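This report refers to the structure that appears directly beneath it.
The values are calculated or read from the model by the stated rules, or taken from the named source; none is laboratory data. Just so we're clear, the structure is a prediction, and the values are computed from it rather than from any experiment. Methodologically, a virtual Cβ is constructed for each residue, glycine included, from the backbone with ideal geometry; neighbour enumeration extends over all protein chains shown.
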């Protein structure tokens, strides 16, 4: 096997290992790309890119101010645990709930979980919450 071919195979395997697990063929390629971009932005703590992948009306807290993406970003800048949790949720896998909705349950129950929905601006993360 040539060294170039081996390098290509190793690169593909590394990318697959670090990307989100998407269950089911019904998850669109567009949704998969968005989820992968969110995961990468969270890993790199790239809040500017992350914000572009979120819906404006974004549920991140069950408190009074928990439905605004800009507020979520402000909070997450000071909270390294949230971005680690988001990466973990996406690595655990996601599945289509409908043609316009992809759910990432994380550990299940009331643990961190995420929701992506397709709207007029394409796929966006609309929910990332912990608790009930």
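Would it be correct to say that residue 122 is surrounded by fewer than 20 Cβ atoms within 10 Å (Cβ to Cβ) and in contact (Cβ under 8 Å) with a residue 60 or more places away in the chain? Can you show your working first?
On the way: surrounded by fewer than 20 Cβ atoms within 10 Å (Cβ to Cβ): yes; in contact (Cβ under 8 Å) with a residue 60 or more places away in the chain: yes.
For residue 122, the condition - surrounded by fewer than 20 Cβ atoms within 10 Å (Cβ to Cβ) and in contact (Cβ under 8 Å) with a residue 60 or more places away in the chain - is met.
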* Confirm whether residue 90 is touching a strand residue (DSSP E or B) at 6+ places or on another chain (Cβ under 7 Å), assigned to a helix (DSSP H, G or I), in contact (Cβ under 8 Å) with a residue 60 or more places away in the chain and under 27 Å from residue 28 (Cβ atoms). => yes
* Counted residues, region 83-128 - those being in contact with a helix residue (DSSP H, G or I) (Cβ under 6 Å, 6 or more places away or on another chain) and more than 17 Å from residue 36 (Cα to Cα) -> 1
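Tell me yes or no: at least one residue of region 73-84 is under 13 Å from the mean Cα position of the chain (by Cα), assigned to a strand (DSSP E or B) and either modelled with pLDDT of 95 or more or under 18 Å from residue 30 (Cα atoms) (or both).
Residues of region 73-84 that are under 13 Å from the mean Cα position of the chain (by Cα), as a first pass: 82-84.
Subset that is assigned to a strand (DSSP E or B): none.
The answer is no, given that none of the residues of region 73-84 is under 13 Å from the mean Cα position of the chain (by Cα), assigned to a strand (DSSP E or B) and either modelled with pLDDT of 95 or more or under 18 Å from residue 30 (Cα atoms) (or both).
Give 42, 36 a once-over and let me know the one that is in a helix (DSSP H, G or I), under 12 Å from the mean Cα position of the chain (by Cα) and surrounded by 18 or more Cβ atoms within 10 Å (Cβ to Cβ). It would help to see each step written out before you state the result.
Details: 36 fails: surrounded by 18 or more Cβ atoms within 10 Å (Cβ to Cβ).
Step by step, each of 42, 36 is checked, and only 42 is in a helix (DSSP H, G or I), under 12 Å from the mean Cα position of the chain (by Cα) and surrounded by 18 or more Cβ atoms within 10 Å (Cβ to Cβ).
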* Here are some conditions: (1) at pLDDT 90 or above; (2) out of contact with any strand residue (DSSP E or B) (no Cβ under 8 Å at 6 or more places or on another chain); (3) farther than 26 Å from residue 110 by Cα; (4) surrounded by fewer than 13 Cβ atoms within 10 Å (Cβ to Cβ). Residue 3 meets all but one. Which one does it not meet? -> (1)
